[in-house]
1. Any chance you could count how many residues in region 238-274 are in a loop (DSSP other than H, G, I, E, B) and either in contact with a Phe, Trp or Tyr (Cβ under 7 Å, 6 or more places away or on another chain) or closer than 17 Å to F92 by Cβ (or both)?
2. Give me the pairs: first residue in region 74-95 and farther than 21 Å from F281 by Cβ, second residue open to solvent by less than 30 Å² (accessible area, probe 1.4 Å) and part of a helix (DSSP H, G or I), beta-carbon distance under 6 Å, and six or more apart or on different chains, which are they?
3. Can you tell me which residue among V340, V344, V358, V299 is of a type in the set (A, V, I, L, M), touching a residue at least 40 places away in the same chain (Cβ under 8 Å) and under 28 Å from A231 (Cβ atoms)?
4. Which pairs have Cβ atoms under 7 Å, sit 6 or more apart or on different chains, and link a residue in region 222-251 that is charged (D, E, K, R) to one that is open to solvent by less than 50 Å² (accessible area, probe 1.4 Å)?
5. Looking at region 196-205, is at least one residue within 27 Å of the chain's Cα centre (by Cα), surrounded by fewer than 24 Cβ atoms within 10 Å (Cβ to Cβ) and under 17 Å from S359 (Cβ atoms)?
6. In region 359-384, what residues are among the hydroxyl-bearing types (S, T, Y) and surrounded by fewer than 21 Cβ atoms within 10 Å (Cβ to Cβ)?
7. Given the conditions (1) under 19 Å from the mean Cα position of the chain (by Cα); (2) crowded, with 17+ Cβ neighbours inside 10 Å; (3) not aromatic (F, W, Y), which single one is not true for S266?
8. In region 137-184, which residue that is in contact with a helix residue (DSSP H, G or I) (Cβ under 7 Å, 6 or more places away or on another chain) and among the aromatic types (F, W, Y) is most open to solvent (accessible area, probe 1.4 Å)?
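The values are calculated or read from the model by the stated rules, or taken from the named source; none is laboratory data. Here the structure is a predicted model, which means the values were calculated and not measured. Reconstructed Cβ throughout: ideal geometry from the backbone, glycine too, with neighbour counts over all protein chains shown. Please note that ligands, DNA and RNA were not included when accessible areas were found on the heavy atoms of the full protein model with its side chains. Shrake-Rupley method; radii C 1.70, N 1.55, O 1.52, S 1.80 Å.
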Amino acid sequence: MSDLTADPSGTPAGVTDATTVADLTAAPEAAADVPPELVAQSLGQYLRAWWVRVRGGNSGVLPVVLAIVVVAISFQIANPKFLSAQNLVNLFEQSSIYMLLAIAEIFALLLGEIDLSVGLVMGLGSVVVAELVQPSGANFPWWAAIIATLVACAAVGAIQGTLVARLRMPSFIVTLGGLLILEGVAIIVLGGSLVGIGNSQYHNEVVIYDIFWGSFSPLVSWILMIVIVAAAGTTLWLREARKRRHGLEAPPPSLTAMKIALMAVSGVVLVAICNVNRAHFGTIDGVPYIILIVLIVLVACTILLQRTRFGRYVYAIGGNAEAARRAGVSLPSIRTWCFVLSAVISGIAGVLFASWQVSLTTNIIKASNNYVLLAVAAAVIGGTSLFGGRGKTIHGVLGGLVIGGIYNGLYLLGVSSQWIDVVVAAVLLAAALVDVLSRRGARGQA
């Protein structure tokens, strides 16, 4: 079996400066784990190396992108309203909860673990933030209520992470117990009564309400898009140019330019869709706050996992925990922090969930159980492996979009909820099958 362990420079062992696309084509067992930029000097070579990598079992986001295209085309044919501006914005908003919970779940899945409590951590977070801003209760400022909520969720993650990482209890059992405990705690905190958010007489409630339902003005939306794309594009171009200047491996300049152009086109399309008036009466337009929040979480988690030592350790543990331990990685610490981060992101989803639901009841808290299944489904459908060591936070966003698209499309067609669950389950099984077969194929070639 080829040794593809990364050396300190980041280049997999066995991949030298003389390695070419033709070499990897002749040795497909090495190609699955070799990033195309390590062997490509032009856009054409990059695309050929990428295709070799896909054939080697590492298809990346290709399956989920194809799934999004299939979902969009199918539901548009079935109902022309599916791709309307109004419905697309609704789809983005409704999918945001799935996206955040999937990102939270990915931190556990990358370790080869699972967190069954993300849905109820979200439920607890929604109850806590709603209770804290009540004028008849704690009457916290909105920002203090959010901070307190995230701290409480982080504490839950720290406890669960400690049990899994230091006492070596199975994550399935620990988080299943956490799920049941948190459901009871959330209902106790709720007090069996309805808690509402959005009373126009109280500033703190209005702010929490606007987190999900508010939006930027069309002009501000365009300005934000230009600033974000310009900042991201400039950062990407300068980083890749610096690598080339220092003789490090980097994608071809044409590919970097294509990525920046794709970001710009995506931003223009998104803002143009969101700026269409989507109100039946009056005017509702502009990019919703929720989209920016999801983007911030996505970028922060991507940087953490892809650009820091902590992220490298997470992937190392998920790929081979014993090898990571022998290399000096503190397994208990990294594992505990992953569960803390999973809980914090679930807490952010909880704040959004409270804003989305406007009023919280015990029935809504009990329904949070279903969200953990959808979080795992979204992460796996997006391309994150159930076996650990492979996945990115963008997979959670794309998978959440697929889940949201299926729910939204079938709802427009008037399909009953039980059949919607059947379809989601079928898509999840298909994604898991792709994951298993790709890994089995890679092992067979090696």
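1. So the first thing to find is which residues in region 238-274 are in a loop (DSSP other than H, G, I, E, B), and the list is 246-252.
With the extra rule that they be either in contact with a Phe, Trp or Tyr (Cβ under 7 Å, 6 or more places away or on another chain) or closer than 17 Å to F92 by Cβ (or both), the set shrinks to 251-252.
The qualifying residues number 2.
2. Close Cβ pairs (under 6 Å, with a partner that is open to solvent by less than 30 Å² (accessible area, probe 1.4 Å) and part of a helix (DSSP H, G or I)) amount to F75/G409; F82/F75; F82/G409; L91/G404; L91/N408; Q94/G404; S95/G400; S95/G404.
3. Values: V340 fails: under 28 Å from A231 (Cβ atoms); V358 fails: under 28 Å from A231 (Cβ atoms); V299 fails: touching a residue at least 40 places away in the same chain (Cβ under 8 Å).
So the residue among V340, V344, V358, V299 that is of a type in the set (A, V, I, L, M), touching a residue at least 40 places away in the same chain (Cβ under 8 Å) and under 28 Å from A231 (Cβ atoms) is V344.
4. Within 7 Å, the pairs are E240/A250; E240/P251; E240/T256; K243/A250; R244/A250; E249/T11; E249/L38.
5. Applying the first criterion (within 27 Å of the chain's Cα centre (by Cα)) to region 196-205 yields 197.
Okay, now just the ones that are also surrounded by fewer than 24 Cβ atoms within 10 Å (Cβ to Cβ), so none.
No, region 196-205 contains no residue that is within 27 Å of the chain's Cα centre (by Cα), surrounded by fewer than 24 Cβ atoms within 10 Å (Cβ to Cβ) and under 17 Å from S359 (Cβ atoms).
6. Our first condition is that a residue be among the hydroxyl-bearing types (S, T, Y); within region 359-384, this holds for 359, 361-362, 368, 371, 384.
Hits for region 359-384 are S359, T361, T362.
7. If we test S266 against (1) under 19 Å from the mean Cα position of the chain (by Cα); (2) crowded, with 17+ Cβ neighbours inside 10 Å; (3) not aromatic (F, W, Y), just (2) comes out false.
8. Taking region 137-184 first, the residues in contact with a helix residue (DSSP H, G or I) (Cβ under 7 Å, 6 or more places away or on another chain) are 137-138, 140-142, 145-146, 148-150, 152-154, 156-158, 160-166, 169, 171, 174-175, 178-179, 182-183.
Checking the rest, the ones that are also among the aromatic types (F, W, Y) come to 140, 142.
Details: F140: 75, W142: 91 Å².
Once the filter is applied, the top-ranked residue is W142.
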